Amino acid sequence: MRLFVSEGAPGTLPVLAAAGRAQGRAELLISTVGPEEHVVPFLTRPKVPVLQLDSGNYLFSTSAICRYFFLLSGWEQDDLTNQWLEWEATELQPALSAALYYLVVQGKKGEDVLGPVRRALTHIDHSLSRRSCPFLAGETESLADIVLWGALYPLLQDPAYLPEELGALHSWFQTLSSQEPCQRAAETVLKQQGILALRPYLQKQPQPSLLEGRAVSNEPEEEELVTLSEEEIAMAVTTWEKGLGSLPPLRPKQNPVLPVAGERNVLITSALPYVNNVPHLGNIIGCVLSADVFARYSRLRQWNTLYVCGTDEYGTATETKAMEEGLTPQEICDKYHVIHADIYRWFNISFDIFGRTTTPQQTEITQDIFQRLWNRGFVLQDTVEQLRCERCARFLADRFVEGVCPFCGYEEARGDQCDKCGKLINAIELKKPQCKVCRSCPVVKSSRHLFLDLPKLEDQLEEWLGKTLPGSDWTPNARFIIRSWLRDGLKPRCITRDLKWGTPVPLEGYEDKVFYVWFDATFGYLSITANYTDQWERWWKNPEQVNLYQFMAKDNVPFHGLVFPCSALGAEDNYTLVSHLIATEYLNYEDGKFSKSRGVGVFGDMAQDTGIPADIWRFYLLYIRPEGQDSAFSWTDMLLKNNSELLNNLGNFINRAGMFVSKFFGGSVPKMVLTSDDQRLLAHVTLELQHYHQLLEKVRIRDALRSILTISRHGNQYIQVNEPWKRIKGSEADRQRAGTVTGLAVNIAALLSIMLQPYMPTVSSTISAQLQLPPLACSVLPTDFLCTLPAGHHIGTVSPLFQKLENDQIESLRQRFGGGQMEESLALKAKVFPKPAAVETVTTAGPQQIQELMDEVTKQGNIVRELKAQKADKNQVAAEVAKLLDLKKQLALAEGKPLETPKSKKKK
Amino acid sequence: MAAAELALLEKSLGLSKGNKYSAQGERQIPVLQTNNGPSLTGLTTIAAHLVKQANKEYLLGSTAEEKAIVQQWLEYRVTRVDGNSNKDDIRILLKDLNSYLEDKVYLTGYNFTLADILLYYGLHRFIILEKFTQGC
């Protein structure tokens, strides 16, 4: 038989690793062919590896070739192996080819690559650990192991793509990789070049289908019903019968909340939103809302909890905004801090304090940490050449300079990048630089700056990470980002700026400078806590007793996982460092990104104008929380989830349970005589509740929400099957049965109301009030399902919890937020902040006009480029350039971008 | 969909008691809860299991070569035939199969196997569609 392979074809790996099995049974010739060679006569598209059998038949499936080698060695087929191979072909391969395509062909990294395969990797890990077998189909290595190992090897041989938390997958992979046939196959295929060896082959392949129009799926995986043992059921029943008596007494509320020795002390921070932007839904779910769910959960567990957040107020962006709006930086901060606070209040965020970074405490703490770093030699001084405007008497930040591009000669290049040729520019290299404020020519002056010596702190950081990371709940993306920063090596980072709006630098010669925001923004958590209590050090200088959870979107990971820890370690003052860094991916809006300037997406202040209650927003945002991968906000999906999950599932169940008590039993919970079916349900609910706890303890907020919905689904089924509304009219035994079913159902409703509290606090308290839950049951969430509403308990008035969202209502909202409100915001700008006449000439521009303008700009750009390439007459070129610039201006106006400021820069 | 197909298969294998199937995920992958042991997931996995249950192992192939070929075409069914709705892809697929079968009676040559059954089911919808479009 003859095996056809091709350089870099990934399928060659498992085939070669399995070929050893057939040794001595048949002669195997190996031929190498080009990636596009047609080996199999009847297949239109080229395919390798291929095994041509002596009979003339072809095996063109990688798994079938491996299977054939195993069959030759006398191995027998079994269900479990078949199942793994079918899964490999239908689930793993599509995901894996997408990941490899991103990595090898498109050069992407990190979560972009890991994202598509994460679910598959987790599936393997769970299967291995659940069966507690070292191999996929049993105690010995077999076909399934070789096929999956071969598929995964190109990706997982880079440790960056083998998530640490998947321990079982880890050891399975290492075991196989160390075996001789596998090792040899890997050497033959990857040739010590790692993943790049696959490039010549993958480049020639069509783009994997998973990439084409890949929709971000918000669908949960199906729930598997587990089988329960008799012991589990008996235990659930015993615990249930104990009722509220088994709960610990309620802890009195402290003010201020302070850590207590011997207790679990949880300090929670949410990334500080930058003051001069109104947060959009993505910002809200990314940190503030996620942290709120965990804080509420933590309080329900009776853990000592403090939740801190506030606005980040210093920096260039604030100064710019102040100039734009004709206010002082302080006035801007005051104005926007209130906007932020109002939004979060509306979303029912349970901060213990929502503070600000422009306080004396911030100055004191920042200067203290700096002084300690300085004294210990962790700060360097260096001279930096910068542009200074003598007329404005200040150094110019990149965004305040404009000039001629040194590369392409474009007239309006920005201080950091040229819009025309796209090259990065160092501001001092600009020809004919101009200060954007006064239009005079700045001069190059050298300015002394301070640098945090990160390389010197790297060892301490590594040591701390080595102690902290294993066993912690850092999200995989955060681990990945930190690891890649460390792999690239840390460099000294400038921590000062020639600005006025910031924390002053307490060092001689630096009187006219302030700290760079990224250095002191993270100290904001400390100073805000100091504004909350003068005993703030009991939280922040207490690493032994305090568990610090920090929530953020992934772009903020380096500042929290690296820069802050380095500063704090270098300061040697026993600071509390992050134990669990929880970073989300990004939330998109419909099919694109949120964009303030284009008026696309829902922003915090607009959510309240939609007429949809805050709890519904919370529910939907948490349901699609970008946990592990990006997700998308969709109006249609929101309608669907509200009407199906909230209205039909959760709301329907709780309402029915309550209504039966009121209607059939005069509002008094009936006597319950549990049958074995009831006991089984009880055990299922207990199990799901425990699952909920496990997930939330690991801060898997989105997944835990599914547990709530699962329980109410169980409840609905239970009512449906037992039909209490019929039995209540039947015999004595039937009536007793109706009573038991109603009693158990209303107790499940009571449990749901508390499980719901972190997610939908208002709905939760409505249910508690309707069912008249005892105060203890409202404030503590037990780990087991208890009977909290015993027979004889009187409930209150029951009414529906949710409202249906209608199609036309959602459609009109979609239109309003899909770019339409830009006109509104433009008008607002023109009205409130009188601007140059240019703004008034704008009539209305819809997304369509913007698109048309964009196309025209592209077209005109091409004309200019062609003329230049042909070395056409200068006047002709100039005329076309003028047209181009005019078009660009129109576009900028239509997009609602002020002309003076260039495109918004990346966030800190 | 898959459950109906498996029910048909049960019937043609002469299995008396009808199994209950659930469906998993957005692709509605069939799941069979077996009496003794864990559940089985996936169309071809369950189909092979049913064949063994009916003591008709010959439908999975008799020699190592036949067994591998049967599994290859079962995989082809779930990866290439299912979920392929692009017209060009379907055309290529039918053309490839036609040229493969030119000198064969069944997929393995001369023996009827599970691969023929499942590929037939899978192609059914295309063939109907093809006739339909040609008629127009």
Quiz prompt | Residues of the stretch A:72-91 that turn out to be touching a residue at least 40 places away in the same chain (Cβ under 8 Å) and surrounded by fewer than 22 Cβ atoms within 10 Å (Cβ to Cβ), as a count | solution = 5
Exercise. Just give me the residues in the stretch A:9-38 being without any contact (Cβ under 8 Å) to a residue 60 or more places away in the chain, among the hydrophobic types (A, V, I, L, M, F, W, C) and not in a helix (DSSP H, G or I), in sequence order.
Key: A:26, A:28, A:29, A:30, A:33
Quiz item: Which ones in the stretch B:61-93 are part of a helix (DSSP H, G or I) and either in the same structural domain as residue B:19 (by the TED database) or over 19 Å from residue A:61 (Cβ atoms) (or both)?
Solution: B:87, B:88, B:90, B:91
Self-check item: Unique residue being closer than 30 Å to residue A:627 by Cβ and surrounded by 15 or more Cβ atoms within 10 Å (Cβ to Cβ) when the list is A:457, A:526, A:499
Solution: A:526
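Taking into account only those residues within the stretch B:71-92 that are of a type in the set (A, V, I, L, M) and facing chain A (nearest Cβ under 9 Å), which is surrounded by the most Cβ atoms within 10 Å (Cβ to Cβ)? Let's see the steps before the verdict.
Just the residues of the stretch B:71-92 that are of a type in the set (A, V, I, L, M), to begin with: B:74, B:78, B:81, B:90, B:92.
Keeping just the survivors that are facing chain A (nearest Cβ under 9 Å) gives B:74, B:78, B:92.
On the way: B:74: 31, B:78: 21, B:92: 16.
Across the stretch B:71-92, the extreme among qualifying residues is B:74.
Could you pull out every one of the helices (runs of 4 or more DSSP H) wholly within the stretch A:425-539 that has 3 or more residues that are over 30 Å from residue A:324 (Cα atoms)?
Correct list: A:454-468, A:476-488, A:524-532.
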Quiz item: Looking at the stretch A:243-258, which of its residues are surrounded by fewer than 15 Cβ atoms within 10 Å (Cβ to Cβ) and hydrophobic (A, V, I, L, M, F, W, C)?
Solution: A:250
Exercise. Please find, within the stretch B:1-46, the residue that is farthest from the other protein chains (Cβ to nearest Cβ) out of those that are in a strand (DSSP E or B) and closer than 20 Å to residue B:119 by Cα.
Key: B:30
Quiz item: Being buried (at least 18 other Cβ atoms within 10 Å of the Cβ), at the interface with another protein chain (Cβ under 8 Å from one of its Cβ atoms) and out of contact with any His (no Cβ under 7 Å at 6 or more places or on another chain), is that true of even one residue in the stretch A:48-55?
Solution: no
Practice problem: Answer yes or no: is there a residue in the stretch A:617-632 that is over 16 Å from the mean Cα position of the chain (by Cα), at pLDDT below 90 and of a type in the set (Asp, Glu). | Solution: no
Quiz item: What are the residues in the stretch A:370-385 that are surrounded by fewer than 22 Cβ atoms within 10 Å (Cβ to Cβ) and in contact (Cβ under 8 Å) with a residue 24 or more places away in the chain, if any?
Solution: A:371, A:372, A:374, A:376, A:377, A:379, A:380, A:381, A:382, A:383, A:384, A:385
Self-check item: Residues that are within 14 Å of another protein chain (Cβ to nearest Cβ) and either among the polar types (S, T, N, Q) or within 45 Å of the chain's Cα centre (by Cα) (or both), drawn from the stretch A:25-38
Solution: A:38
Exercise. Working only within the stretch A:872-908, note down all residues that are modelled with pLDDT of 65 or more and assigned to a loop (DSSP other than H, G, I, E, B).
Key: A:872, A:873
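The values are calculated or read from the model by the stated rules, or taken from the named source; none is laboratory data. All of these numbers come straight from a predicted model, not from anything done at the bench. FYI the Cβ positions are ideal-geometry reconstructions off the backbone, even for glycines, and counts take in every protein chain you see.
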